[in-house]
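K.L.:
To start, I am sharing the structure in question, which I have written as structure tokens.
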Amino acid sequence: MDAATQTATVIHITPDEEQPLAPLAHDAKPDDETSPEVRAKVLARDGHRCQSCRGSHDLHAHHVQPRSTVGRTELDNLVTTCRFCHGLLHQDRLAVMGSGLTGFEFS
């Protein structure tokens, strides 16, 4: 067994985690921040690559629908981005649409 196999972490995503939850009410308080466990699952699902530029360094889990507008912290609403693309998204210089189930589209 090589060293990479011996130190690998297995990430399990349950079928329930892959299903979108009902939207939060417009007057609900913001959802939870992204836990390390959820972040690890998002990065694993996305192949540890930014889904915009395909970079593999300094990766973030970005909420497609922001928490500030009651976007949920769930796999379906999170996409892997690198630090640079994440910054562009928050500056409204890049946009993302879609979901973890249907795929993401950047423009």
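K.L.:
Filter the range 35-72 down to the residues that are crowded, with 19+ Cβ neighbours inside 10 Å and among the hydroxyl-bearing types (Ser, Thr, Tyr) and list them by number.
P.N.:
SER52
K.L.:
Among the candidates ALA28, ALA95, single out the residue that is modelled with pLDDT of 95 or more, exposed (fewer than 14 other Cβ atoms within 10 Å of the Cβ) and either in contact with an Asp or Glu (Cβ under 7 Å, 6 or more places away or on another chain) or among the small types (Gly, Ala, Ser) (or both). Quick ask: steps written out before the conclusion?
P.N.:
Values: ALA28 fails: modelled with pLDDT of 95 or more.
Matching residue, one of ALA28, ALA95: ALA95.
The values are calculated or read from the model by the stated rules, or taken from the named source; none is laboratory data. Remember, it's a predicted structure, so these values are computed and weren't measured experimentally. Neighbour counts are summed over all protein chains in view; Cβ atoms, including those assigned to glycine, are modelled from backbone coordinates with ideal geometry.
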